[in-house]
Amino acid sequence: MSSLISMISSVYPPILTAVIAGFLLSRLLKSTGSTRAEKVRNQLPNFLSKFLLTVGIPISIANFIRGAELSANAWIAPATAWVAMLVAIGFSSILLCEDKACEPKLGEAFYYLLTSATQAILASP
């Protein structure tokens, strides 16, 4: 029980601090009312999402890999998942674009559905 409490106390305070800081920053930018603040408020979500995508996710992946077991058997499941994903995308491309006049939106929607389903299958025990 104490390990759970120590884990919760080490994980949630940084998350809550970041959420509160974002909320306060949002309120601060709204209250100034200047055009520069309006411009920053409109561009800030784009900047933060790009920053998290290009910096935050690679750092978290590197941190995870640092503590992961990287034996040969550990690579079988991800390799199989990637092969299955690529085969499914290949088949879906063939089926959706038989006459080379496929709609891009239909293909994108199908690929998103395919990746979501694959991730759901991989995440299930």
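The values are calculated or read from the model by the stated rules, or taken from the named source; none is laboratory data. Note that this is a predicted model, so its numbers are computed, not measured. Here Cβ is always computed from backbone atoms with ideal geometry, including for glycine, and neighbour counts include all displayed protein chains.
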Taking the stated definitions as given, is Ala74 modelled with pLDDT under 80, of a type in the set (A, V, I, L, M) and in a helix (DSSP H, G or I)?
yes
Going through the stretch 45-70 in order, the residues found to be among the hydrophobic types (A, V, I, L, M, F, W, C) and farther than 18 Å from Ala18 by Cβ are Ile61, Ala62, Phe64, Ile65, Ala68, Leu70
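Here is a yes/no grid of residues against (1) part of a helix (DSSP H, G or I); (2) of a type in the set (Asp, Glu); (3) surrounded by 10 or more Cβ atoms within 10 Å (Cβ to Cβ); (4) at pLDDT below 70:
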site: Pro78; (1), (2), (3), (4): yes, no, yes, no
site: Ala84; (1), (2), (3), (4): yes, no, yes, no
site: Ser93; (1), (2), (3), (4): yes, no, yes, no
site: Asp99; (1), (2), (3), (4): no, yes, no, yes
site: Leu106; (1), (2), (3), (4): yes, no, yes, yes
site: Phe110; (1), (2), (3), (4): yes, no, yes, no
site: Ser116; (1), (2), (3), (4): yes, no, yes, no
site: Gln119; (1), (2), (3), (4): yes, no, yes, yes
site: Pro125; (1), (2), (3), (4): no, no, no, yes
Among Ile15, Ile8, Ile61, Ile57, the single one that is over 30 Å from Thr115 (Cβ atoms), under 23 Å from the mean Cα position of the chain (by Cα) and outside the structural domain of Thr115 (by TED's automatic domain parsing) is Ile8
